Amino acid sequence: MRRLPVLLLGAALLATGCGGSETSDRPLVVVTTTVLGDVLTAIAGDEADVEVLLPIGADPHDFQPSARQAARLRVADLVVVNGLGLESGLDDTIDAARDEGVPVVAVAPAVDPLPFGEHHDEGDAAEHDDGDLDPHVWMDPVRVAAAARLLGGELAAVTAGGWVERAEAYAVRMEALDAEIDEMVLRLDPLRRVLVTNHDALGYFADRYGFEVAGVVVPGGSTLGDPSSAELADLVGTMRDTGVAAIFAETTGPAALADAVAREVGGHVEVVELYTGSLGPEGSGAETLEGLLRINAQRIVEALS
C-alpha cells in the first residue's frame, strides 16, 4: 500500500503556507516526534494525513512550537505525543488543544515505562512518578510494537479505516526486528555489553538486550543537564575501571562533553553517534524507525566488539 509522506511542520512548510489536511477531507493526526511520525504514517496508510511537529534532526527535549503548529494542534482529529516529559516545551500547547476537546494520546506511559537507570521489575512504573520514568521507549522495538497496536485502536475510535490491520503489520515488523537485533547482540561477548552514553537514552535498549549502562555524560535523562566536574571525573574513573572503549552520543546535539571525556580517559576511546531523538536524513539509513533501530544496534555492536 502506498504510504503518505510524513508532513513536517518546519521551515519548509511554513514557507509554502500549505500542506497537511487543510485541503483534505481525511482525518488529521498531529504527532510530536519524527520517530512516532514514522509509526503513525505506517498506520495511516492513505486514509489520514500525518503532520509531525519536530523537523528531522531536532532535539525533542528543547523544541518550542511555532504559532502555526499550535493552531494545527487545535484542529487535529488526534494528537499523539511521546509523554513522560520528553516534549516539555510543547506541554502548554498540547494542554491547550486538549482543553479544546482534541483527543491526545501519550504513548510512553502506556507501554510499560522503566525508571531511569533501572532494569525492569514487575510494578516498577507504578512505584515512580512520571518524572522518574524514562521516556525513550522507542529504543525497544517490542515496546514500539505495543505502541503501534495502541495507536491503531486509538485511530479506530476516531473514524473507520484499516488502522488496526496496518498497526498489526507494523507491529509484526518490529517484533521481527527485535529478533534480528538479538542475533546481532549474540555475536558480542557478554562481558563487553557495557554502555557509556552522552545522555540516558539507551536504558530500554540495554534492558531488552542484556547490556549494562555504566555511566552517562549528561545526567538527568535530558540533553539539557549540566554535569559537574566531579560527575565527569567519576565517569572518567568508571570508564578506566571498566575498560569501556566507546561513548555513544546522539545526532541531535553537540558531543563536546563526550569528546572531552574520551580525551581524558585516553587510549582509544571512540565517540560514536547514534540516532536517538530523531530519524535521520535521506541517505542515512535511519530514515525510518526500523532503520534507526537497526543502524544503532549495528554501531553499538561494532564499537564494542
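The values are calculated or read from the model by the stated rules, or taken from the named source; none is laboratory data. Bear in mind that the values here come from a model prediction, so they are computed numbers and not experimental data. Positions of Cβ are generated from backbone atoms using ideal geometry, with glycine treated the same way; all protein chains shown enter the neighbour counts. Calculation scope for accessible area: heavy atoms of the full protein, side chains included, ligands and nucleic acids excluded. Shrake-Rupley method; radii C 1.70, N 1.55, O 1.52, S 1.80 Å.
Give the residue, chosen from GLU154, GLU180, GLU165, that is over 16 Å from ASN296 (Cβ atoms) and surrounded by fewer than 16 Cβ atoms within 10 Å (Cβ to Cβ). I'd like the intermediate steps shown before the answer.
Numbers: GLU154 fails: surrounded by fewer than 16 Cβ atoms within 10 Å (Cβ to Cβ); GLU180 fails: over 16 Å from ASN296 (Cβ atoms).
The unique qualifying residue is GLU165.
Working only within the range 243-263, note down all residues that are surrounded by 15 or more Cβ atoms within 10 Å (Cβ to Cβ) and not small (Gly, Ala, Ser).
VAL244, ILE247, PHE248, GLU250, THR251, THR252, LEU257, ASP259, VAL261
Yes or no, residue by residue, for (1) of a type in the set (Gly, Ala, Ser); (2) touching a residue at least 12 places away in the same chain (Cβ under 8 Å); (3) farther than 27 Å from ALA246 by Cβ:
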site	(1), (2), (3)
ALA146	yes, yes, yes
ALA160	yes, no, yes
ARG166	no, yes, yes
ARG173	no, yes, yes
ALA179	yes, no, no
VAL185	no, yes, no
VAL196	no, yes, no
TYR209	no, yes, no
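Name every residue in the range 64-81 that is open to solvent by 30 Å² or more (accessible area, probe 1.4 Å) and under 15 Å from ASP91 (Cα atoms), in order of residue number. Talk me through it step by step, then tell me what you get.
If we filter the range 64-81 for residues that are open to solvent by 30 Å² or more (accessible area, probe 1.4 Å), which is where we start, we get 64-68, 71, 74-75, 77.
The answer is GLN64, PRO65, SER66, ALA67, ALA71, ARG74.
For ARG173, state whether it is closer than 24 Å to ALA106 by Cβ and surrounded by fewer than 20 Cβ atoms within 10 Å (Cβ to Cβ). Full working, then the answer.
Numbers: closer than 24 Å to ALA106 by Cβ: yes; surrounded by fewer than 20 Cβ atoms within 10 Å (Cβ to Cβ): yes.
Against the criterion (closer than 24 Å to ALA106 by Cβ and surrounded by fewer than 20 Cβ atoms within 10 Å (Cβ to Cβ)), ARG173 qualifies.
For ALA214, state whether it is at pLDDT 95 or above and open to solvent by less than 40 Å² (accessible area, probe 1.4 Å). Reasoning before the result, please.
Details: at pLDDT 95 or above: no; open to solvent by less than 40 Å² (accessible area, probe 1.4 Å): yes.
Judged against the criteria, ALA214 is not a match.
Could you identify the single residue in LEU151, LEU133 that is within 28 Å of PRO254 (Cβ to Cβ), touching a residue at least 40 places away in the same chain (Cβ under 8 Å) and not small (Gly, Ala, Ser)?
Working: LEU151 fails: within 28 Å of PRO254 (Cβ to Cβ).
Among LEU151, LEU133, only LEU133 is within 28 Å of PRO254 (Cβ to Cβ), touching a residue at least 40 places away in the same chain (Cβ under 8 Å) and not small (Gly, Ala, Ser).
Could you tell me whether the range 225-240 includes any residue that is over 27 Å from LEU289 (Cα atoms), open to solvent by less than 20 Å² (accessible area, probe 1.4 Å) and assigned to a loop (DSSP other than H, G, I, E, B)? Show your work before the answer.
Taking the range 225-240 first, the residues over 27 Å from LEU289 (Cα atoms) are 226-240.
Filter once more, keeping what is open to solvent by less than 20 Å² (accessible area, probe 1.4 Å): 227, 235-236, 239.
Still in the running and assigned to a loop (DSSP other than H, G, I, E, B): 227.
Yes - at least one qualifying residue is present in the range 225-240.
I need the full set of residues from the range 53-69 which are over 22 Å from PRO254 (Cα atoms), of a type in the set (A, V, I, L, M) and in contact with an Asp or Glu (Cβ under 9 Å, 6 or more places away or on another chain), in order please.
Quick first cut of the range 53-69, residues over 22 Å from PRO254 (Cα atoms) only: 66-69.
Okay, now just the ones that are also of a type in the set (A, V, I, L, M), so 67.
Answer for the range 53-69, where residues must be over 22 Å from PRO254 (Cα atoms), of a type in the set (A, V, I, L, M) and in contact with an Asp or Glu (Cβ under 9 Å, 6 or more places away or on another chain): there is none.
Can you give me the number of residues within the range 61-77 that are touching a residue at least 40 places away in the same chain (Cβ under 8 Å) and either within 16 Å of VAL102 (Cα to Cα) or not acidic (Asp, Glu) (or both)?
Of the residues in the range 61-77, the ones touching a residue at least 40 places away in the same chain (Cβ under 8 Å) are 61-62, 66, 68-69, 72-73, 75-77.
Subsequent filtering for residues that are either within 16 Å of VAL102 (Cα to Cα) or not acidic (Asp, Glu) (or both) retains 61, 66, 68-69, 72-73, 75-77.
The qualifying residues number 9.
For VAL6, indicate whether it is at pLDDT 95 or above and either touching a strand residue (DSSP E or B) at 6+ places or on another chain (Cβ under 8 Å) or open to solvent by 10 Å² or more (accessible area, probe 1.4 Å) (or both). It would help to see each step written out before you state the result.
Working: at pLDDT 95 or above: no; either touching a strand residue (DSSP E or B) at 6+ places or on another chain (Cβ under 8 Å) or open to solvent by 10 Å² or more (accessible area, probe 1.4 Å) (or both): yes.
No: the conditions fail for VAL6.
How many residues, within the range 97-131, are within 23 Å of TYR275 (Cα to Cα), at pLDDT below 95 and of a type in the set (D, E, K, R)?
Matching residues across the range 97-131 total 1.
Given (1) in a loop (DSSP other than H, G, I, E, B); (2) at pLDDT 95 or above; (3) touching a Pro at 6+ places or on another chain (Cβ under 8 Å), where does VAL79 come up short, assuming only one miss?
(1)
Just for the range 183-207: of the residues that are among the hydrophobic types (A, V, I, L, M, F, W, C) and open to solvent by 30 Å² or more (accessible area, probe 1.4 Å), which one is modelled with the highest pLDDT? Spell out how you get there, then give the answer.
First pass over the range 183-207, keeping only residues among the hydrophobic types (A, V, I, L, M, F, W, C): 184-186, 188, 191, 194-196, 201-202, 205-206.
Filter again for open to solvent by 30 Å² or more (accessible area, probe 1.4 Å), leaving 186, 191.
Details: LEU186: 96, LEU191: 93.
Across the range 183-207, the extreme among qualifying residues is LEU186.
Being in a helix (DSSP H, G or I) and surrounded by fewer than 21 Cβ atoms within 10 Å (Cβ to Cβ) is the filter here; which residues of the range 270-295 pass it?
Let us first name the residues in the range 270-295 that are in a helix (DSSP H, G or I), namely 289-295.
Within the range 270-295, GLU290, GLY291, ARG294, ILE295 qualify.
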